[in-house]
Amino acid sequence: MPDIEITEECRALIAAEFPFNETWWRLPDGKWQMEIDAETLQRLQKVRRHGETISDCIIRVIIVTQHRRSLVDRRQMLG
């Protein structure tokens, strides 16, 4: 499994959004290292924008997903 390095903000957002027990390693520079499966890394690389960090990409994907979920929930409430 590949490792990625992410920021504290990214780690906190992942932890808040996904209730799973993953192993995180705090690095000396304050970032976090975590293992992800190869398929997830490949998907992130496909949606990652030029010059965007992996943390920025993950944060963007989670925010877009939350927004879309909110829109679907609103539509369902309006029936």
Q: Identify all residues within segment 1-28 that are assigned to a strand (DSSP E or B) and open to solvent by less than 40 Å² (accessible area, probe 1.4 Å); write none if there are none.
A: I4, I6
**Q.** Whichever residue in segment 37-71 is part of a loop (DSSP other than H, G, I, E, B) and within 15 Å of T7 (Cα to Cα) and, among such residues, is least open to solvent (accessible area, probe 1.4 Å)
**A.** E52
Q: May I ask you to say which residue of R49, R11 is of a type in the set (K, R) and within 11 Å of the chain's Cα centre (by Cα)?
A: R11
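The values are calculated or read from the model by the stated rules, or taken from the named source; none is laboratory data. Quantities reported herein were computed from a predicted structural model and do not represent experimental measurements. To get the accessible areas, we keep the full protein, side chains included, count just its heavy atoms, and leave off ligands, DNA and RNA. Shrake-Rupley method; radii C 1.70, N 1.55, O 1.52, S 1.80 Å.
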